[in-house]
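Presented below is the structure to which this report refers.
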Amino acid sequence: QRTRVSIHEDAPRMTATVEAAGAYFASGVDNSFSMERFRRDLRIEVQQLDEEEIVFDVIGIDAAIANAFRRILLSEVPAMAIDKVFILNNTSMTEDEVLAHRLGLIPIRADPRLFRERVGDEDPDEHHVIAFRLEIKCTRGNKDDPGSSEMVNSRVLSSHLQWIPQGDQ
């Protein structure tokens, strides 16, 4: 019987399950869900806790239920992301729409409770908007050697985003 789901750099491992009711019915084993068994077997062991992060093990439940808990926890974490992207000059091979989508996947380290949602035609100000600039150019590292394949800024990272303070930010 599987007792752990392990998370590795490339993917979770040992996630197969046999929690489906009736999986062993032909063998005379009742493996249907039981709230009593769930209460008895569920354990949460906190491994690390600080202001920014908690690391814990959830033991004794199916991977699907653990994933449901993970999704609930993630949905309760206040988060902000890039919503509107204005592209002035994109000379990359990446289309504007793909670039805008990828920028929207970057989590913004800001407390959304300090901001308000814009209503109607309300003008944007420091209470509604966080602005960033992404200005980066990929160049050859060694201009004197035309055969050189060394490139500078061949990868664009979230650390290249420059925050542009608005008002009192």
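The values are calculated or read from the model by the stated rules, or taken from the named source; none is laboratory data. Because the structure is a prediction, the values reported are computed rather than measured. Virtual Cβ from ideal backbone geometry, glycine too; neighbours counted across all protein chains shown. Quick note on the areas: whole protein, heavy atoms, side chains included, nothing else; ligands and nucleic acids left out. Shrake-Rupley method; radii C 1.70, N 1.55, O 1.52, S 1.80 Å.
What shape does the range 51-169 have by the C-alpha gyration tensor, where a ≥ b ≥ c are the square roots of the eigenvalues, rounded means a/c under 1.5, and otherwise prolate means a/b greater than b/c and oblate the rest? Mind dumping the intermediate values first?
Working: a/c = 2.50, a/b = 1.34, b/c = 1.87.
Oblate shape, in that a/c is at least 1.5 and b/c is the bigger or equal ratio.
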Open item on the list: With every protein chain left in place and a probe of 1.4 Å, what is the accessible surface of residue 97, to the nearest 10 Å²?
Closed with: 140 Å²
- [ ] Work out the FRET efficiency for residue 88 and residue 49 from their Cβ-Cβ distance, taking R0 = 30 Å, and round it to the nearest 0.05.
- [x] 0.10
